[in-house]
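Chemist: Let me give you the structure first, and then I'll get to my questions.
The values are calculated or read from the model by the stated rules, or taken from the named source; none is laboratory data. Quick caveat, the model's predicted, so the values are computed rather than measured. When we count neighbours, we look across all protein chains shown, and the Cβ atoms used for this are built from the backbone with ideal geometry, even at glycine. Calculation scope for accessible area: heavy atoms of the full protein, side chains included, ligands and nucleic acids excluded. Shrake-Rupley method; radii C 1.70, N 1.55, O 1.52, S 1.80 Å.
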Amino acid sequence: MRVLIAEDHALLREGLIRLLEAHDFEVVEAVDNGPRLVPALVQHRPDVAVVDVRLPPTFTDEGLKAAIEAREKVPGLPILVLSQYVEQLYARELLTGGGGGVGYLLKDRVSNVAEFLDAVRRVAGGGTAMDPDVIGQLLARNTRDEPISRLTPRESEVLGLMAEGRSNAAIASALFVTEKAVSKHTNNIFAKLDLPPSEDDNRRVMAVLTYLSSR
């Protein structure tokens, strides 16, 4: 699996390279600033890009803007964003930047190697990997008058866990219910969000994007 990294802190950048290569990922390039990121993504078209939100020269949202611009040039380019803090605006902008796998993790998650590698693989496969802390803050916000408001509290809870990238079995375990019950909830979610029949994985991603975009 081909990965491109955008991280300005040399120690973390080198650490990510060594970690990924040690687990059979191919790091095609590692950049340390925003201006270099877009041409690198367009040139390499990696299976997934791991991008720091804040990059030189302004250290504001260079990484995010570059990722969104690259997704406009390469539709569906999977992006896994790393951030020091929960920044809801950045999560929302990322989700409106095009289709394909998306993820938003706090940098603390990188210390959990298995969790981080799973997130990289999930996003590369077209799925989502949202940090539980990000989900928690999004859940705390008031829902506007949109299709998402049709969901029951339990359905919203299930959708929040889906956004973390959990399978039906994992959701069932977390909520102490059966997989059959979770399947019923997910079908209700798809119907209430007006998602047409398609591959189940695709509908899960679309449901998560609808949910996160509305928060």
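Chemist: Pull up segment 88-107, narrow it to residues that are part of a loop (DSSP other than H, G, I, E, B) and at pLDDT below 85, then point me to the one that is most open to solvent (accessible area, probe 1.4 Å).
Modeler: In this case the residue turns out to be Thr96.
Chemist: Quick check on this structure: which one of Glu62, Glu72 is over 16 Å from Ala124 (Cα atoms), open to solvent by 10 Å² or more (accessible area, probe 1.4 Å) and touching a Leu at 6+ places or on another chain (Cβ under 7 Å)?
Modeler: Only one candidate passes the filter, namely Glu62.
Chemist: A further question follows. Of all residues in segment 157-180 being open to solvent by less than 30 Å² (accessible area, probe 1.4 Å) and under 18 Å from Lys192 (Cβ atoms), which is modelled with the lowest pLDDT?
Modeler: Once the filter is applied, the top-ranked residue is Ala163.
Chemist: If Ser111 passes every condition in (1) open to solvent by 70 Å² or more (accessible area, probe 1.4 Å); (2) in the same structural domain as Asp24 (by the TED database); (3) at pLDDT below 75 but one, which one does it miss?
Modeler: Of (1) open to solvent by 70 Å² or more (accessible area, probe 1.4 Å); (2) in the same structural domain as Asp24 (by the TED database); (3) at pLDDT below 75, only one is false for Ser111: (3).
Chemist: Could you tell me how many of the residues in segment 67-80 are at pLDDT 90 or above and among the β-branched types (Val, Ile, Thr)?
Modeler: 1
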